[in-house]
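Have a look at the structure below, then the notes.
The values are calculated or read from the model by the stated rules, or taken from the named source; none is laboratory data. Bear in mind the structure is a predicted one, so any value in this text is a computation, not a measurement. We place every Cβ from the backbone using ideal geometry, glycine too, and count neighbours over all the protein chains shown.
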Amino acid sequence: MAETAPLKRPDRDGAPDDRKREPLWRDMLGECLRERRRDRGERLSDTADRAGVSPQYLSEMERGVKDPSSEMIAAVAGALDLTLIDLTLAVAERVSANSITACVGTANRAAYALAA
């Protein structure tokens, strides 16, 4: 569902590894917002009304189509009874979990090399 941008980290030989992909912030933000809204049993229009945005705009945020301003993010977070720091931490955890999953193969090889 979420598109990713290439992660340009050098490999052991110094060349970037284009096989690794890092998720986009807006995709992870949207997933967190949608999950929180659904956990609360709310419709798009309910949350959008409280945030002062259109349901279409909120839908676009949730799908990762929009790159919302910090003011828009704060408004939607507030409508979902989240602080901006709580939302930011939730998104960071998703990004981190995604990055760890993408690098598991490399980490396993490193562990085997250390064990040898």
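Points worth noting:
- Scanning region 10-48 for residues that are at pLDDT below 90 and over 16 Å from residue 95 (Cα atoms) yields 10, 11, 12, 13, 14, 15, 16, 17, 18, 19.
- Residue count for region 54-64, restricted to those that are touching a residue at least 12 places away in the same chain (Cβ under 8 Å) and either buried (at least 19 other Cβ atoms within 10 Å of the Cβ) or more than 19 Å from residue 40 (Cβ to Cβ) (or both): 4
- Considering 2, 51, the condition of being surrounded by 15 or more Cβ atoms within 10 Å (Cβ to Cβ), modelled with pLDDT under 60 and not charged (D, E, K, R) is satisfied by 2 alone.
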